[in-house]
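**Student:** Sending over a structure as structure tokens; questions will come in a sec.
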Amino acid sequence: MVWEGNMPGIYNSWEECQNQIKGHPSAKYKAFDSLAEAEFASKRNYFEFVKKATNNTTTKNQSKSEIIADSISVDAACSGNPGLMEYQCVETISKKLLFHKGPFKEGTNNIGEFLGLVHALALLKKHNNTHTSIYTDSITAISWVKNKKVKTNLTPSPNNTELFDLMSRAELWLKTNTFVNKIIKWNTESWGEIPADFGRK
């Protein structure tokens, strides 16, 4: 949620938020775990939530020591919206690359984040791994996985046929498989960029 920035409002990813606070001298913003929380916050004063954060171990004051070592991280990058999109997954601590897909034509960042999450879940399932957690910095991707449904405004075209096929396959996988691995929102504000970040910001 961005209270003060280039264009105040609710944004679905840290990347989108950064675009609104970059260069703004008195930017006020905060991440929330759900759209409902962000919508509630948008109607209230920023400082109410800053005060709460001082006693909340899941917000700004988190230290990197709280990062789960037994974890992997996924991230996506997109040049344009839509544009060339790719996604990847790394071991959180070592940053060892586990997979990289793309670039795909006419994709979006949210689609890449979603596909990365499902790909990571399928990889862990394939190896009977039920203990490793997955980090992502996309609240939208987490909600899509939870609902087992992609809610994109991207229009199908000859350039993104492969992506729509991958999304359909990902939705089918979620509907026909179960998993117990935790999906956790990466705390960019406290920890910096997610280890799977492409470093192009």
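The values are calculated or read from the model by the stated rules, or taken from the named source; none is laboratory data. Just so it is clear, the model here is predicted, and its values are computed rather than measured. Quick reminder, even Gly has a Cβ in these numbers, built from the backbone with ideal geometry, and neighbours come from all protein chains shown. The accessibility values were calculated without ligands, DNA or RNA, using every heavy atom of the protein model including side chains. Shrake-Rupley method; radii C 1.70, N 1.55, O 1.52, S 1.80 Å.
**Student:** For Y29, what is the net charge nearby, where nearby means another residue's Cβ is under 9 Å from its Cβ and Lys, Arg count +1, Asp, Glu -1?
**Tutor:** Neighbour charge sum, excluding Y29 itself: 0.
**Student:** Rounded to the nearest 20 Debye, what is the dipole magnitude of the chain about its Cα centre when Lys and Arg each give +1 and Asp and Glu each give -1 at the C-beta?
**Tutor:** 320 debye
**Student:** Measure off, as a whole percent, the carbon and sulfur share of the 1.4 Å-probe accessible area of the chain, all protein chains present.
**Tutor:** 52 percent
**Student:** For the pair N177/T155, report the inter-label distance in nm, with labels modelled 7 Å from Cα in the Cβ direction.
**Tutor:** Inter-label distance under the simple model: 3.3 nm.
**Student:** Listed here are the pairs K43/K185; K64/K175; K96/K126; K30/K125; K22/K125; K43/K175; which of them are more than 30 Å apart at the Cα?
**Tutor:** From the list (K43/K185; K64/K175; K96/K126; K30/K125; K22/K125; K43/K175), the Cα-Cα distance tops 30 Å for K64/K175; K30/K125; K22/K125; K43/K175.
**Student:** Suppose we take every Cα in segment 142-201 and form the convex hull; what volume per residue is that in Å³?
**Tutor:** Dividing the Cα hull volume of segment 142-201 by its residues yields 138 Å³.
**Student:** Can you give the log10 of the normalised intensity I(q)/I(0) at q = 0.16, 0.17, 0.21 Å⁻¹, computed with Debye over equal Cα scatterers of segment 78-149?
**Tutor:** -0.58, -0.65, -0.96
**Student:** Work out the length of the dipole vector of segment 84-201 about its Cα centre, built from +1 on the beta-carbon of each Lys and Arg and -1 on the beta-carbon of each Asp and Glu, and round it to the nearest 20 debye.
**Tutor:** With only Lys, Arg, Asp and Glu charged at Cβ, the dipole is about 360 debye.
**Student:** If Lys and Arg each add +1 and Asp and Glu each add -1, what is the summed charge of the other residues whose beta carbon sits under 13 Å from the beta carbon of F164?
**Tutor:** Its environment carries a net charge of -2.
**Student:** Still on this structure: Of V180, H119, V150, which is farthest along the charge dipole of segment 73-201 in the positive direction, counting Lys and Arg as +1 and Asp and Glu as -1 at C-beta?
**Tutor:** V180
**Student:** Same structure again: What does the accessible area per residue of the chain come to in Å², with a 1.4 Å probe and no ligands, DNA or RNA counted?
**Tutor:** 55 Å²
**Student:** May I pose another question? What percentages make up the Cα-Cα pair-distance distribution of segment 100-201 when the bins are 10 Å wide from 0?
**Tutor:** 14, 46, 33, 6, 0
**Student:** Sticking with this structure for a sec: Just to be sure I follow: if Rg is taken over the C-alpha atoms of the chain and Rh is the Kirkwood radius over the same atoms, what is Rg/Rh?
**Tutor:** Answer for the chain: 0.96.
**Student:** Local charge sum around F104 (other residues, Cβ-Cβ under 12 Å, Lys/Arg +1, Asp/Glu -1)?
**Tutor:** -2
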